[in-house]
Amino acid sequence: MARLDQIAARTPADDAMERYARGDDAAFAVVYDEIAPYLRRYLARRSATDELSQDLLQETMLHIHRGRGSFIAGSAVLPWSYAIARRLLCDAHRHHQRRPMMVEVEDVCETCDAGGIASPEAMMVARELCDDVNRLLDEMPESQRIAFELLRVDGASTQEAAGRLGTSVTAVKLRAHRAYEALRRNLRGDA
Amino acid sequence: MNDELRARVLEAAAAEPAPDRAATRRREFLILAAGVLWALGVFWSAGGARLGPRPDALVLATFAGAVGVALIAFALGYARGGSMLGRRGLVLRWTVFGAPLAYMGWKILWSSTYDGMTEEWPDRPGFRCLGLSLRVGVGVFAAMMLLRRGRVAVRHVEQGAGIGVAAGMITASLVDLWCPVSHPEHLLIGHVLPALLFAAAGALLSRWVLAVRRGKRG
């Protein structure tokens, strides 16, 4: 089975990154234009402030810039950039003693919809469930986690997710399905 | 806001030249070569290859097997397998424990086909080989860790362990030319333990040396 980032269909971002790796300095702007919008959305949702998300975007792009010489020909740049962004996000939250919450309490608390008021007991149950989900996501293989986050957390369609990751819709669906099954299996086991 | 951020990022990148692929490969070659030269220098200063009392054919076979294991450990534990996300965690974990066991199994298997070659040497429990392996391997280990400094975005702990065991297996193949003992306990202490120690060191150091971190140059 093809790895998530070892793709048959290459994206414009991958082509630009390949040119950049070979020494075409002007290609970095193309890489930025292709992947920054996705990274911005990803980081904005998971950062406490807009300033932090912009800083993290800049740091992610600079890591890509510094690592251009180590970019493997034929690999995909977007999954790599997501991994860097997530790593930097974890670092940022570690300093603030707050884990990056891919899933928020409001997402899992049935009585906590926007503007709703929940009992302390319901909030406590939701918070424990939220912690369990985030822990399971952390332990999940990277390919499944990215697929889950793009579909469930970022709200991307399977076509959009496949395009961002440079893979097939089938592959995205399969990885997301495995993530859902892993969450369902583990959460059901805890019940 | 978006245009301003874009301009800021592009300006920051332009102000900080980064080597392209060709320059990076030259740098990687030089650093790896330095690590290998260190290993060879320590090895030769310890006396170099000592073939006796083993038959030449046995030395050749065990050395070839050790080199084979080292190449596989390098491919699976250090190389990224064509992916910027590196090898899967399962592959790295199997390499960390499988490579030393494979080396030990190969060494015992071949040595057992010759009379007396797996007997215990009471005055050689393995600590001399342990010391030599650590001195020989530290240069290779340091070089490989340096090449990945600040670049590992996922599974940095497993990657560190993989790098360590790869360095350990490269070391074991060299020390195999020096050490005539194939007793299992000796092999564990003198040849397998160094690889596992390098693996542990790689795992422990991974967060500060290998992992992508904020404010840290990759």
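The values are calculated or read from the model by the stated rules, or taken from the named source; none is laboratory data. Since we're looking at a predicted model, the values are computed, not measured. Glycine also receives a Cβ, built like all others from the backbone with ideal geometry; neighbour counts cover every protein chain displayed. Quick note on the areas: whole protein, heavy atoms, side chains included, nothing else; ligands and nucleic acids left out. Shrake-Rupley method; radii C 1.70, N 1.55, O 1.52, S 1.80 Å.
Data table
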{"read-out": "Within region A:40-96, considering residues that are touching a residue at least 60 places away in the same chain (Cβ under 8 Å) and part of a loop (DSSP other than H, G, I, E, B), the one most open to solvent (accessible area, probe 1.4 Å)", "value": "A:Gly74"}
{"read-out": "Residue match in region B:64-74 (condition: among the aromatic types (Phe, Trp, Tyr), more than 14 Å from chain A (Cβ to nearest Cβ) and assigned to a helix (DSSP H, G or I))", "value": "yes"}
{"read-out": "Residues satisfying the stated conditions in region B:208-218, i.e. of a type in the set (A, V, I, L, M) and part of a loop (DSSP other than H, G, I, E, B)", "value": "B:Leu210, B:Val212"}
{"read-out": "Residue that is modelled with the lowest pLDDT [pool: residues in region A:130-171 that are part of a helix (DSSP H, G or I) and small (Gly, Ala, Ser)]", "value": "A:Gly163"}
{"read-out": "Residue ranges of helices (runs of 4 or more DSSP H) in region B:112-207 with at least 3 members without any contact (Cβ under 8 Å) to a residue 60 or more places away in the chain", "value": "B:156-175"}
{"read-out": "Subset of region B:1-53 [polar (S, T, N, Q) and either within 14 Å of chain A (Cβ to nearest Cβ) or farther than 30 Å from B:Met117 by Cβ (or both)]", "value": "B:Asn2, B:Thr24"}
{"read-out": "Tally, over region B:1-49, of residues that are among the basic types (Lys, Arg) and closer than 25 Å to B:Arg148 by Cβ", "value": "4"}
{"read-out": "Test for A:Gly116: is it at pLDDT below 70 and within 14 Å of chain B (Cβ to nearest Cβ)", "value": "no"}
